[in-house]
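The values are calculated or read from the model by the stated rules, or taken from the named source; none is laboratory data. Computed from a predicted structure; not experimentally measured. Positions of Cβ are generated from backbone atoms using ideal geometry, with glycine treated the same way; all protein chains shown enter the neighbour counts. Side chains are part of the model used for accessible areas, which takes the heavy atoms of the whole protein and leaves out ligands, DNA and RNA. Shrake-Rupley method; radii C 1.70, N 1.55, O 1.52, S 1.80 Å.
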Amino acid sequence: MLLNSHSPKPILAPSLLAGDHARLADSVQLVEQAGAQWLHLDIMDGHFVPNLSFGPQTVKALRPHTSLFFDVHLMLANPHHFIDPFIEAGADQITIHVEPDYPIADTLDAIRSAGKKCGLVLNPDTPASALEPWIDMIDMVLLMTVQPGFGGQSFRNDVLPKIAAVAAIRQSRKAAFRIQVDGGIDSETAPLCLKAGADTLVAGTAFFKANDRSDFRRQIEAVEC
Ligand code: DX5
Ligand code: ZN
């Protein structure tokens with residue numbers, strides 16, 4: 001069975017969380033200079049995850065500095081309260097977790113009604129079946145390959161079968177959503193995810209630490225799925 005026969009071309013989405021927070025606009029330039037198309041923006045509330053990052057004001061301030069696709073990952077207990085501010089700030093896509101208790105369908109609708117892309121995020125221990133009610137509403141599934149909250153953690157190999165399971169769901173439902181992975185992605189773990197069926201890779205630490213960031217991006221985006 002060719003699970004990945006309809007996979008989109010691989011994309012690297014560098015995470016600004018691992019950039020220099022005193023010079024975020026300069027870090028965005030490093031992402032552009034590497035030839036990336038996407039910028040992953042990690043938003044944390046100190047409640048759903050045990051850490052804080054930055055909010056819509058920072059995203060808005062960065063928007064005039066780049067035309068990169070703003071991929072906003074909301075790690076919030078109440079993401080439905082923050083859709084409008086992030087859309088006004090310039091988000092191109094917003095992903096929301098399935099674990100907290102809030103109106104998920106209405107929140108996806110609010111993102112789509114604004115003409116933006118939307119996605120659902122699963123923590124490492126949340127099963128693929130949790131996506132089922134919303135499969136037809138989403139542009140992307142984000143599978144966390146670490147427990148969210150911090151950059152620089154080790155990749156969880158035990159998530160690999162779930163990537164394949166989500167790729168199988170995509171095929172059986174004739175859906176076209178992207179499959180993104182986030183956490184501990186580097187030049188060794190990226191090919192494992194791509195072979196399993198992922199097509200969109202977030203990398204924070206490995207991207208900003210790479211000696212040659214363009215080469216890092218090219219290597220990852222050149223993997224044959
Ligand atoms: C973790 C964030 C990630 C993080 C990845 O909560 O969602 O996007 O920036 O960082 P690395 O690539 O360092 O694991
Ligand atoms: Zn993220």
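A Cβ distance below 7 Å, combined with a sequence gap of six or more or placement on separate chains, defines the contacts here; from the range 191-204, residues that are open to solvent by 10 Å² or more (accessible area, probe 1.4 Å) reach residues that are within 15 Å of ligand 1 (Cβ to nearest atom) and of a type in the set (A, V, I, L, M, F, W, C) in the pairs GLY204/LEU17; GLY204/ALA18.
Answer yes or no as to whether SER154 is open to solvent by 40 Å² or more (accessible area, probe 1.4 Å) and either of a type in the set (Lys, Arg) or in a helix (DSSP H, G or I) (or both).
Details: open to solvent by 40 Å² or more (accessible area, probe 1.4 Å): yes; either of a type in the set (Lys, Arg) or in a helix (DSSP H, G or I) (or both): no.
The answer is no for SER154.
Would the range 34-57 turn up any residue that is over 27 Å from ALA110 (Cβ atoms), away from ligand 2 (no atom under 16 Å from the Cβ) and either open to solvent by 40 Å² or more (accessible area, probe 1.4 Å) or in contact (Cβ under 8 Å) with a residue 24 or more places away in the chain (or both)? Looking for residues that are over 27 Å from ALA110 (Cβ atoms), away from ligand 2 (no atom under 16 Å from the Cβ) and either open to solvent by 40 Å² or more (accessible area, probe 1.4 Å) or in contact (Cβ under 8 Å) with a residue 24 or more places away in the chain (or both), one finds at least one in the range 34-57, hence yes. State all residues of the range 128-148 that are surrounded by fewer than 18 Cβ atoms within 10 Å (Cβ to Cβ) and either within 14 Å of ligand 2 (Cβ to nearest atom) or within 20 Å of VAL49 (Cβ to Cβ) (or both); if no residue qualifies, say none. Residues satisfying the conditions are ALA130, GLN147.
Using the structure shown, decide if ALA198 is part of a helix (DSSP H, G or I) and at pLDDT 95 or above. In short, no. Would it be correct to say that VAL223 is modelled with pLDDT of 95 or more and within 19 Å of the chain's Cα centre (by Cα)? No. One residue stands out among those in the range 90-106 that are among the small types (Gly, Ala, Ser) and assigned to a loop (DSSP other than H, G, I, E, B): the one that is least open to solvent (accessible area, probe 1.4 Å), which is ALA91.
Matching residues to (1) among the β-branched types (Val, Ile, Thr); (2) at pLDDT 95 or above; (3) assigned to a helix (DSSP H, G or I):
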residue: HIS21; (1), (2), (3): no, yes, no
residue: GLY35; (1), (2), (3): no, yes, no
residue: PRO50; (1), (2), (3): no, yes, no
residue: PRO64; (1), (2), (3): no, yes, yes
residue: VAL72; (1), (2), (3): yes, yes, no
residue: HIS80; (1), (2), (3): no, yes, yes
residue: PRO85; (1), (2), (3): no, yes, yes
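Of everything listed in (1) in a helix (DSSP H, G or I); (2) small (Gly, Ala, Ser); (3) open to solvent by less than 20 Å² (accessible area, probe 1.4 Å), the single unmet condition for GLY119 is (1). Of all residues in the range 161-181, which are in a helix (DSSP H, G or I) and either within 15 Å of ligand 2 (Cβ to nearest atom) or farther than 22 Å from ARG217 by Cβ (or both)? Listed by number, the residues that qualify are PRO161, LYS162, ALA164, ALA165, VAL166, ALA167, ALA168, ILE169, ARG170, GLN171, SER172.
Filter the range 6-19 down to the residues that are within 21 Å of MET144 (Cα to Cα) and either away from ligand 2 (no atom under 12 Å from the Cβ) or outside any helix (DSSP H, G or I) (or both) and list them by number. Across the range 6-19, the qualifying residues are SER7, PRO8, LYS9, PRO10, ILE11, LEU12, ALA13, PRO14, SER15, GLY19.
Being surrounded by fewer than 18 Cβ atoms within 10 Å (Cβ to Cβ) and part of a loop (DSSP other than H, G, I, E, B): is that true of GLY184 here? First the steps, then the outcome.
Working: surrounded by fewer than 18 Cβ atoms within 10 Å (Cβ to Cβ): no; part of a loop (DSSP other than H, G, I, E, B): yes.
So GLY184 fails the test.
Is it true that some residue in the range 8-17 is out of contact with any Leu (no Cβ under 8 Å at 6 or more places or on another chain), open to solvent by less than 20 Å² (accessible area, probe 1.4 Å) and more than 21 Å from LYS209 (Cβ to Cβ)? Looking for residues that are out of contact with any Leu (no Cβ under 8 Å at 6 or more places or on another chain), open to solvent by less than 20 Å² (accessible area, probe 1.4 Å) and more than 21 Å from LYS209 (Cβ to Cβ), one finds none in the range 8-17, hence no. Of the candidates ARG170, ARG213, the single residue that is open to solvent by 60 Å² or more (accessible area, probe 1.4 Å) and in contact (Cβ under 8 Å) with a residue 60 or more places away in the chain is ARG213.
Just one residue in the set GLN153, GLN147, GLN180, GLN219 is closer than 24 Å to ASP92 by Cα and within 16 Å of ligand 1 (Cβ to nearest atom); that residue is GLN180.
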